[in-house]
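A short worksheet on the structure shown next.
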Amino acid sequence: MSGQSLPSKPLLGQMMERPLLVSTLLEHAETTHATSEIVSRRCEGDIHRYTIKDAASRARKLANLLSRFGVQQGDRVATLAWNGYRHWELYYGVSGFGAVLHTINPRLFAEQLVYIVNHAEDRFIFVDLTFVPLLESIKDQISRVEGFVILCDEDKMPETSLPNALCYETLLANEPDDFVWPEFDERSAASMCYTSGTTGNPKGVLYSHRSTVIHAMASIGEEALGLASTSCFLPVVPMFHVNAWGTPYSAAITGAKQVFPGPGMDGASLWELIDAEQVDLLLGVPTVWLMLLNHMDSIGKKLESVQNVVVGGSAAPLSMIRDFQEKHDAFLIHAWGMTEMSPIGTVNAHSIHMESMPLEERYRLQAKQGRPVYGVEMKIVDDDNRELPRDGEARGRLLVRGPWIISGYYNNDDRSSFIDGWFDTGDVATIDENNYLTIVDRSKDVIKSGGEWISSIDLENAAVGHPELSECCVIAARHEKWSERPVLLATRQEGSQISEADVLRYLEDKVAKWWLPDAIVFVESLPHTATGKLLKVDLRKTYENYLLEKA
Ligand code: ADP
């Protein structure tokens, strides 16, 4: 591991120190990939298409608008918007101007929204039509916001109780497009995103221009997301959470065609866009792909154009890796990261040794979360922060460091996750001899059964492979003898009558005997966090005494 300091004074290199600014990505894109397309499904329902050249011109108009609004460098300007071209313009217009783009996650609870808007001290909020009612419902609690700009044409402007509500298109139409992007310290904040805060208030993560640009450069290659210039990609991962995994920035480097789904995240809408635009690369969380795969099954069609699907945010089940490959000829690239990591940490990309592997062995390898992208260092440690071996067996707390990893939360004194220059991810993991990471669990979700650990993720993934189950969630329930034992909560496919005994029989040859859940509860639906993950905190509260009461 690097990190030792040299004894003598170094001889410095003589290269220029040009600042790595978000605006330089846009300038590069405009001069090099002017005709690259950006296609968006709009809230209005229609499809919009234009080029990077158009987007760059409008980003400059936006910067002029911010200047007229009196926005200063470092001020927070927020967005509450789907993935779409206007949001892309805001990514560049706001950060390029020197202000900080605060992307708000509309799926947060109302009180969390109020908290983050006030905590970030947002001066203006740019909002999609869909989310106007949401802001109206909290407007009295966010009264320090000076104005709301609604992302639509004048004729679509809604009746609204939001104070100082203006129309984006009318405002832009009145601005010149001759703005010169300012130069400033590359360490300045470019954007911010709050964690979805499953416990306590959300915490603000402040990305710098430097970290954003380096992250974008690192994530384009085939060993990462593979956003080649020839690629046409559809990020379902939202621009309102961790910058759609940085893809709006990386796309500017390569000029890849971008297809934005807007509010249409259901299987049918996604398929329509994928087919119409011949998308070859998809990016998103497993829940979305389950919907798409189910839809494709129901219409009996194949995702002909899709070559790769990047899946992260939660573990990709083996059954999903297999389905994409065997039904659609698409390779699932499993990735792991977090809001605090911009977010890319590891990627399980194509590799030469996979090519020659028997399929089942390859699938098992693909189910691992992958290897670190250059720039990310990782290690696992025990309770005393001593490093554990990379043998694929030892399980420990996963620590990371690197130039796009958080060093402290915004306006927050909590230093509990920061250990000697490393960030404690809160994940429990193994790392094998080839540096492949396997996430065992969130440290708070792992089930501690009689001193041994059971991974809730592994159990969920094994169970969800059953064709009659649609979603599975495993939580730790208190147990008199073993301290904790797993309880499986599951939703059944429509019309299924599958029983507890059937599921147990199905699991018998898939997990160790002592991992088998002590109870299986069928539920109508499972709750999710703002980022589409299972909301285990709530479920744990409801079911923590389930086994004691049942006994
Ligand atoms: P939040 O949803 O709270 O904002 P993040 O989006 O930052 O959180 O999620 C980060 C966490 O999600 C990781 O620490 C990890 O537990 C989980 N995660 C992300 N990708 C994967 C993956 N591929 N497999 C398993 N867990 C994952």
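The values are calculated or read from the model by the stated rules, or taken from the named source; none is laboratory data. Fair warning: this is a prediction, and the values are worked out from it, not measured in the lab. Using ideal geometry, Cβ is built from the backbone for each residue, glycine included, and neighbour counts are taken over all protein chains shown. Surface areas here come from the heavy atoms of the whole protein model, side chains and all, with no ligands, DNA or RNA. Shrake-Rupley method; radii C 1.70, N 1.55, O 1.52, S 1.80 Å.
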> What translational D, rounded to a whole number of µm²/s, comes out for the stretch 1-122 from Stokes-Einstein when the hydrodynamic radius is the Kirkwood one over Cα pairs, at 4 °C and 1.567 mPa s?
Replying inline: 75 µm²/s
>> Within 10 Å of each candidate Cβ there may be at most 14 other Cβ atoms; applying that plus a DSSP loop requirement, which chymotrypsin sites (Phe, Trp or Tyr not before Pro) in the stretch 129-200 survive?
In response: Phe184
> With no solvent and one point on each alpha carbon, what is the Debye value of log10 I(q)/I(0) for the stretch 85-161 at q = 0.19, 0.23, 0.24 Å⁻¹?
Replying inline: -0.86, -1.23, -1.31
> Average projected area of the Cα convex hull of the stretch 228-356, in nm²?
Replying inline: 7.8 nm²
> What ³J(HN,Hα) values, in whole Hz, does the Karplus curve 6.51 cos²θ - 1.76 cosθ + 1.60 give for the stretch 416-430 when θ = phi - 60°, with x put for Gly and Pro?
Replying inline: 5, 8, 10, 10, 6, x, 10, 9, 7, 6, x, 9, 9, 8, 10
> When every alpha-carbon pair in the chain is counted, what percent end up more than 41 Å apart?
Replying inline: 22 percent
> Between their Cα atoms, which of Lys203/Lys541; Lys53/Lys368; Lys203/Lys550; Lys368/Lys550; Lys448/Lys533 are more than 32 Å away from each other?
Replying inline: Lys53/Lys368; Lys203/Lys550; Lys368/Lys550
> Straight-line reach from Lys302: which aspartates and glutamates have Cα under 16 Å away, leaving out those fewer than 8 places along the same chain?
Replying inline: Glu272, Asp275, Glu277, Asp280, Asp323, Glu326, Asp329
> What trypsin sites (Lys or Arg not before Pro) in the stretch 469-500 are in a loop by DSSP, with at most 16 other Cβ atoms within 10 Å of the Cβ?
Replying inline: Lys481
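Would you mind calculating the gained length between Phe109 and Asp413 on full extension (0.36 nm times residue separation, minus the Cα-Cα distance), in nm to one decimal?
107.1 nm
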> Mean 1/r over all different Cα pairs, inverted: what Kirkwood radius does the stretch 265-443 give, in Å?
Replying inline: 17.5 Å
> How many percent of all Cα-Cα pairs in the stretch 447-550 sit more than 17 Å apart?
Replying inline: 49 percent
> What whole-number value in Å² describes the accessible area per residue of the chain for a 1.4 Å probe?
Replying inline: 43 Å²
> Separation of the stretch 168-201 and the stretch 107-155 by C-alpha centroid, Å?
Replying inline: 15 Å
> Per the 1.4 Å probe, what fraction of the accessible area of the chain, in percent, lies on carbon and sulfur atoms?
Replying inline: 49 percent
> List the aspartates and glutamates whose alpha-carbon lies under 14 Å from that of Lys327, not counting same-chain residues fewer than 8 positions away?
Replying inline: Asp297, Glu304
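What number comes out for the charge environment of Leu227, summing +1 per Lys or Arg and -1 per Asp or Glu over other residues with Cβ under 11 Å away?
-1
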